[in-house]
Amino acid sequence: MKRLSERFLPRFILSTALFICFSLTTWASIHEGGDVVKGKQLFNANCASCHKITDEVLAAPGLKGIDQRWKGKDELLIKWIQNPKAAAATGDPYVKSLVEKYVATYGWMANQAVSAEEIGHILTYVKEGDGGSAPVAEENTCLTYEEMQAAAGQGKENDGLIWIIIIGVILAIIGVSAANISRSLKNAMNERDGKPIDESAGYWESAKAWMWRHKVFVSLTGLFIFCYLVVGLYGALMDIGVYEAYKPEQPIWFSHASHVCKYEIDCQYCHSAAAESKHAGIPSANVCMNCHKGIKEGPVSGKKEIAKIYEAIGFDPATGTYIENYEQKPIEWNKVHNLPDHVYFNHSQHVTVAGLDCKQCHGPVQTYSVGRQATVEEINAQDDVPGLIKLTKPTLTMGWCIECHNKAEVDLASSAYYEEMHNRFTSNELGQRFLRSYLEENLKKGDGAPVDSLKTILSVKQLGGWECGKCHY
Amino acid sequence: MSRTLYTIATILAVAVGLSACKTDPNSPGVEYMPDMYRSPALEAYVDYGTNDYMDFTQSMKDKAGFVPVQSRKPAPGTIPYVGAEMAPFVMPYPLKNTPDDYERAATEIKSPLLSTREHIEKGREVYTKMCLHCHGEAGHGDGLISTKGAIAGIPDYATKLKDLPEGKIFHSITYGKGLMGQHASLINKLQRWQVTEWVKCLQQGITDPKFDENGMLIKPAAAPAEATTAASR
């Protein structure tokens, strides 16, 4: 007997221990007991591009409550994550319902290269979250133009004073006239009634007499006011057709500062037509959606402004899908940069051929909130634009254009465009003759030496940039 | 007396006239010859009737029957005419934006381009403009949009998407994948294939591509079979 117990007791203990261990592992679900920190890392690396741990739909359903929905099916869930199609092939009714419900909308999830242990970490993170750790408040280094102006204490232009003066002068004139009128009426009544008339000089007469007595002072002041008005009038007339700093309201409060400064999105991502078209192009709503399908809330205006994109394109942020047969609405942006109809301007010529930086003409756009026509002072003040050509005339005026065409230098040798033009010229005899005579007679650099090769830097003007027909036809 | 009234009237008129110039931020200011600003021919991005300031006269609008037109797509199946060299790149893409067609793209869609210096450098240029802010300079999914926390989990080309076939890359750029939107309206088919060539470099961890004397990409020794197929294509 003793021998028997001696033989079997260790085995019994071992098997019991194994049994307990085994049952413990089955009782503890994979939704708990993992490492939340590791889980968060893994989640952000593998899952976060489509899933959220809340019930919010990103590019696929949110994962909140996954421990309830998959209760007791840990093996299957691991399979579903590692290889969704294999899990679907098991014929489990819940997996089947998921496939029917979601795959047509969101597509199959790719096979995820995560081990069962890592899935445990991830699912623990999904269940428990990261304990609501507050996001670290980041210092806003992307101030808008308005904020910088306010910080510099320059706020809005103070043009209130001149109106107070104008209104004061008008009120004074009205008061004096009214007093004169009342005096005349009183005198007329007195004359009718035979009472004595107030013969003393009226206000106007006394003023005239005063002015005559102080004629030097009055004439100097008058001259000053006259000059001031003439200069003001000249300035007002010169402002006609000058739209510097024009900043119309826009249907969506779009901030260039947060898109360009904070995230450094290339100008040509949204204005993609600038490289190959006359127009820089206003992005259509689908371009906004390339990011805002996932980013549903902004730091400044919350969901309000981004919801306008969804409204225009017909996107349901709750399900993360586009509404079918939605009648899309245009976003009616207001045009900021207006050239007269009789001016031809082509973006691609300046962006692709000349290789200009957008900031050369559009200024520090990364500091603007809604679009604004840069002033020439702002453009000149930039120090982050290599080869910035400093100009003096107001932006979008003809003086500004031709000033730049005079100063800007074209490196013919490094431009495929001019190489192509040159090849076209030299491909036939007439062109060659024309080119030679043009080079010999017309193109002389500052020292008067004739220009005889493409290895020369010319100004746009020398290449015909001042020909009327280049821009006006 | 009447002279005084005239003075008042003139000053008031001047004041009103001046105040009309600058107070409304939605007004661009005074135009010389306003009719020279308005093209009778239809122009892109000109407002034909929604903004009071950028407006045609009512009679002109009535004559033309303008309605606000924006965000119009070309008719389905439109083939742009952009010259003979671009002909292979303007034909409609045969696959649809469905999960099944995404799988089909892996085998059915092959790059028409060789891995040449020209295409890879162009692709890199387009990648810098179009993809970098999310996918990062070396394609590790570490663009500023990702690192600043706006969109998380952008996959790394060099690890997670290392074996993604070029057809699927192209399909994803064309229609989008997951959270990424479609980029077919931003870059044409040639540019998409060029970006695909550059992404293929990033998949192999090549950030500084080297080219042989024929301008072909020199691939790392680990994948010589791939190089021969690309060259023979």
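Some points to look at:
- Packing-based ranking, highest mean first, of B:185-195, A:95-105, A:235-245, A:393-403 given that Cβ atoms within 10 Å are counted: B:185-195, A:393-403, A:235-245, A:95-105
- Compactness ratio for chain A: Cα radius of gyration over 2.2 N^0.38 Å (N = residue count) comes to 1.70.
- Net charge, A:TYR473 excluded, C-beta distance under 14 Å - Lys, Arg +1, Asp, Glu -1: 0
- Proxy reagent accessibility, fewest Cβ within 10 Å first, across B:MET86, B:MET216, A:MET289: B:MET86, B:MET216, A:MET289
- Ordered by the number of other Cβ atoms lying within 10 Å of each residue's own Cβ, fewest first, A:LYS215, A:LYS79 fall into the sequence A:LYS215, A:LYS79.
- Residues A:LEU233 and A:THR54, FRET efficiency given R0 of 60 Å [Cβ-Cβ distance, rounded to 0.05]: 0.40
- Overall form of the range A:23-99 per C-alpha gyration tensor (a/c, 1.5; a/b vs b/c): oblate
- Local electrostatic count at A:SER272 - Lys and Arg +1, Asp and Glu -1, tallied over other residues with Cβ under 14 Å: 0
- Nearest-0.05 FRET efficiency for A:ASP384 and B:ALA184, computed from C-beta distance (R0 35 Å): 0.60
- Ordering of B:118-128, A:173-183, B:167-177, A:332-342 by burial proxy (mean other Cβ atoms within 10 Å per residue, highest first): B:167-177, B:118-128, A:332-342, A:173-183
- The slack between A:ILE173 and A:ASN83, meaning 0.36 nm per residue of separation minus the straight C-alpha distance, is 23.5 nm.
- In a simple Cβ point-charge model (Lys, Arg +1; Asp, Glu -1; nothing else charged), the range A:13-128 has a dipole of about 240 debye relative to its Cα centre.
- Measuring how big the range A:50-135 is from its alpha-carbon positions, Rg and Dmax come out at 13.1, 42 Å.
- The ellipsoid equivalent to the alpha-carbon distribution of the range A:151-246 has semi-axes of 42, 18, 13 angstrom, derived from the gyration tensor eigenvalues as √(5λ) and listed largest first.
- Structure-based [θ]222 nm, chain A - -39500 (n - 2.57) summed over DSSP H runs of at least 4, per residue, nearest 500: -14000 deg cm²/dmol
- For the peptide A:326-332, the mean number of other protein chain Cβ atoms found within 10 angstrom of a residue's Cβ is 3.
- For chain A, the longest principal axis of the Cα atoms and the long axis of helix A:2-27 meet at an angle of about 20 degrees.
- If R0 equals 56 Å, the separation of the Cβ atoms of A:TYR417 and A:ASN140 corresponds to a calculated FRET efficiency of about 0.85.
- Inter-centroid distance (Cα atoms) of the range A:195-236 relative to the range B:171-193, Å: 74
- The local environment of A:THR375, defined by Cβ-Cβ distances under 12 Å, has a net charge of 0 under the rule Lys, Arg +1 and Asp, Glu -1.
Values in this text are rule-based calculations from the coordinates and carry no lab data. Note that the structure is a prediction, hence the values are computed from the model and not measured. Glycine also receives a Cβ, built like all others from the backbone with ideal geometry; neighbour counts cover every protein chain displayed.
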